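These notes are about the structure you will find just below.
The values are calculated or read from the model by the stated rules, or taken from the named source; none is laboratory data. Fair warning: this is a prediction, and the values are worked out from it, not measured in the lab. Here the Cβ positions follow ideal geometry from the backbone for every residue, glycine too, while neighbour counts run over all protein chains shown.
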Amino acid sequence: MAALANSNPFHYIINVEDSAQSWALPLYRALNDGDYETVEMIIRQEPTAITSRLTPFAETPLLVAVKARQGLPFLRKLLGFMPPEALALTDYFGNTALHAVAVLGDTRAAALFVEKNRDLPNVWNVDGCLPIHLAAMRGHREIALYLCSVAKENDYLDLFKGSAGAQLVQSAVTAGLYDFAMYLVEHNPELALQHEDISPLELLAQEPSAFPSGMDFNICQLIIYSCVPRKLIEMPGSLASMTKSRDYRPFSVRIPCARLRGFKYYNFALQEPYVILWKVLETLIVPIKRIRHTKAMHHQALKIVRRACSEIKCLDNSKASSILTSPFLIGVQNGIHEIVKEILDSFPHAITFADEENHSIFHLAVMYRHEKIFKIVHAQSGQYKMCLSLLLDNARNNILHLVAHKPHQDRLDTSTGSFLKMQRELQWYKEVEKFVLPHARKSKNADGKTPLAIFNEQHRELAASETQWMMSMATSCTVAASLIATVAFAAAITVPGGNDVGGLPIFTGENAFVLFAVSDALALLSSVTTVLSFLSIFTSRYTVNDFLYELPNRLIVGLISLFLSVLSLMMAFGSTMYLVAARKNSLLLLPIVALACVPVTLFAFLQLPPLLNMISSTYGPSIFD
């Protein structure tokens with residue numbers, strides 16, 4: 001078969017435009033245009049045309065048609081002129097037509113070709129790739145599974161061994177086909193650790209989004225994520241039987257194509273009511289389906305990590321260290337605590353790993369601001385805890401020097417609002433300061449700098465920018481609070497309905513008037529409190545330590561009182577409108593209340609999330625609790 005694919009017993013044309021054959025250029029154009037009548041006429045007049053090479057890359061008519069994305073009917077008719085062995089003809093790069101459809105992800109065309117020649121899935125190109133490798137590289141799950149199902153028994157077993165199997169797993173992981181990669185690893189667990197350039201574990205360590213720790217879900221997404229039925233994220237058992245089938249014919253009839261996709265789903269009638277309800281919700285609400293796919297991806301990625309870690313236990317320390325060092329350190333840098341925990345559980349010696357600059361896992365955790373990693377390592381370091389905390393890197397920086405630097409990654413943006421960035425940096429510094437021995441707080445690095453000097457130097461620009469932000473915030477809120485105070489004071493001395501001859505308000509006996517009086521007084525007092533709170537921000541010294549508690553306290557008080565003043569003013573407005581316009585016409589009450597709720601709702605929607613974040617950051621538990 002290899003001799004046939006690489007020899008040249010058929011007519012060969014270097015370039016259709018320079019060819020002496022009059023039919024070459026019309027055939028090439030007809031194949032690209034999908035003009036089957038012209039193709040048929042040329043082939044019947046010149047039978048050798050079907051096996052000729054039409055391009056400088058030695059592409060056959062079938063390859064030209066595939067790359068032109070001709071449909072299945074066109075390809076089926078074209079195959080009618082070809083002997084089975086002609087499908088194995090390769091181009092200059094050793095690619096058959098099956099390689100081409102694998103790149104395009106056309107499962108129907110792949111099945112059509114394999115029906116004609118069962119040897120096609122086992123033809124290697126000059127880069128050492130089977131069609132299944134190309135399909136996996138480009139993330140085409142269905143065709144990869146199909147090609148896995150039709151591989152010959154011996155080649156099927158060889159597929160999961162050595163460099164070919166490692167390359168296939170690597171391609172699947174790189175393309176995000178974690179379920180397919182896990183299926184390959186389950187057939188040959190050695191593939192979880194075997195690699196040519198980079199191991200699957202290291203590839204996963206470079207993809208934070210492949211794990212729950214790398215996702216930034218809002219509260220609604222988190223609730224949906226936690227409610228996904230486990231049965232919908234497990235790999236179906238039917239996948240194994242499907243991929244081992246030797247008589248799979250998906251295009252003799254149309255039904256089996258659904259069979260190929262069926263590994264993603266379960267028989268609908270056999271599911272529990274909760275699973276059926278979930279599938280209905282997925283159909284109606286697309287984001288729910290995306291979240292389920294995300295959780296399934298996380299589940300499969302974690303299974304690959306666990307399988308790799310279980311295989312590590314069978315290796316000696318030196319071999320295990322050589323395999324795990326890079327994934328472990330990359331996982332720490334990217335904050336993937338799932339990988340870090342699994343590696344530490346299976347290989348506790350990983351706690352001593354360090355990078356080329358002699359940064360330990362403790363160093364990396366604080367440099368990249370990953371509190372969960374720090375807590376995991378702190379809990380599992382045991383006897384190494386004190387030793388690791390005292391280690392110096394190549395520049396003689398201890399762990400406090402390193403946390404004094406700004407984060408290596410854009411970790412500052414994980415906090416909501418620019419103000420919290422400086423506060424978070426101070427919290428990190430203070431927490432790590434508790435962790436080190438007293439003499440380490442004043443020790444100097446190779447540049448002769450103490451940790452505190454480095455912190456002040458590194459965060460000078462951040463402190464300046466947040467000072468400007470605080471000034472701008474205080475100015476805006478002071479103006480708003482002053483306007484509210486003015487309106488509330490004016491409303492207090494000009495009561496709705498006016499006064500009687502005795503000077504008392506006409507609506508004194510009305511409950512709505514009592515609500516007006518209370519809410520107007522609250523609006524006035526809270527707005528004045530807001531003004532005073534933000535004025536204190538103007539007069540602050542803005543030292544570094546002020547950003548830890550003093551300034552956050554003033555900002556929190558100011559924002560809470562501003563929200564109360566807006567809410568109270570709208571309540572006063574609503575009660576006034578009721579007394580004046582809606583007391584005798586109740587139909588006006590609903591639109592008045594609805595309109596009064598608009599500014600309050602808008603303020604809450606825009607300002608409450610960062611306010612709650614500030615409260616949690618300032619008064620909540622410490623970073624490592």
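Quick notes on this structure:
- Meets criteria (of a type outside the set (Asp, Glu), touching a helix residue (DSSP H, G or I) at 6+ places or on another chain (Cβ under 9 Å), over 15 Å from Thr60 (Cβ atoms) and in the same structural domain as Glu46 (by TED's automatic domain parsing)) for Met137: yes
- Test for Cys129: is it under 30 Å from the mean Cα position of the chain (by Cα), within 30 Å of Met82 (Cβ to Cβ) and not in a helix (DSSP H, G or I): yes
- Set side by side, the residues Pro208, Pro229, Pro212, Pro200 differ, and just one is over 19 Å from the mean Cα position of the chain (by Cα) and either of a type outside the set (Gly, Ala, Ser) or at pLDDT below 90 (or both), which is Pro229.
- Lys385 touching a residue at least 60 places away in the same chain (Cβ under 8 Å), assigned to a helix (DSSP H, G or I) and either over 17 Å from Glu202 (Cα atoms) or assigned by TED's automatic domain parsing to the domain that holds Leu203 (or both): no
- Selection from segment 351-373 of residues that are in a helix (DSSP H, G or I) and crowded, with 24+ Cβ neighbours inside 10 Å: Ile361, Phe362, His363, Leu364, Ala365, Val366, Ile373
- Given (1) touching a residue at least 40 places away in the same chain (Cβ under 8 Å); (2) under 20 Å from Leu193 (Cα atoms); (3) buried (at least 21 other Cβ atoms within 10 Å of the Cβ); (4) not aromatic (Phe, Trp, Tyr), number of the condition Arg292 does not satisfy: (2)
- Unmet criterion (only one of (1) outside any helix (DSSP H, G or I); (2) farther than 14 Å from Ala181 by Cα) for Gly139: (2)
- Among the candidates Thr60, Thr51, the residue that is among the hydroxyl-bearing types (Ser, Thr, Tyr), touching a residue at least 12 places away in the same chain (Cβ under 8 Å), touching a strand residue (DSSP E or B) at 6+ places or on another chain (Cβ under 9 Å) and in the same structural domain as Arg108 (by TED's automatic domain parsing) is uniquely Thr60.
- Checking segment 14-22 against the condition returns no match, with no residue being polar (S, T, N, Q), modelled with pLDDT of 85 or more, assigned by TED's automatic domain parsing to the domain that holds Asp119 and surrounded by 12 or more Cβ atoms within 10 Å (Cβ to Cβ).
- Taking the criterion of being farther than 11 Å from His405 by Cβ and part of a helix (DSSP H, G or I), the residues of segment 443-468 that qualify are Leu452, Ala453, Asn456, Arg460, Glu461, Leu462, Ala463, Ala464, Ser465, Glu466, Thr467, Gln468.
- Flag if Thr529 is touching a residue at least 60 places away in the same chain (Cβ under 8 Å), surrounded by 16 or more Cβ atoms within 10 Å (Cβ to Cβ), part of a helix (DSSP H, G or I) and over 36 Å from the mean Cα position of the chain (by Cα): no
- The criterion of being farther than 26 Å from Leu168 by Cα and assigned to a helix (DSSP H, G or I) holds for Ala65.
- Sub-7 Å Cβ pairs linking a first residue in segment 596-608 that is under 9 Å from Val566 (Cβ atoms) and assigned by TED's automatic domain parsing to the domain that holds Met571 to a second residue that is of a type in the set (Lys, Arg) and surrounded by 14 or more Cβ atoms within 10 Å (Cβ to Cβ), at least 6 apart or interchain, number zero.
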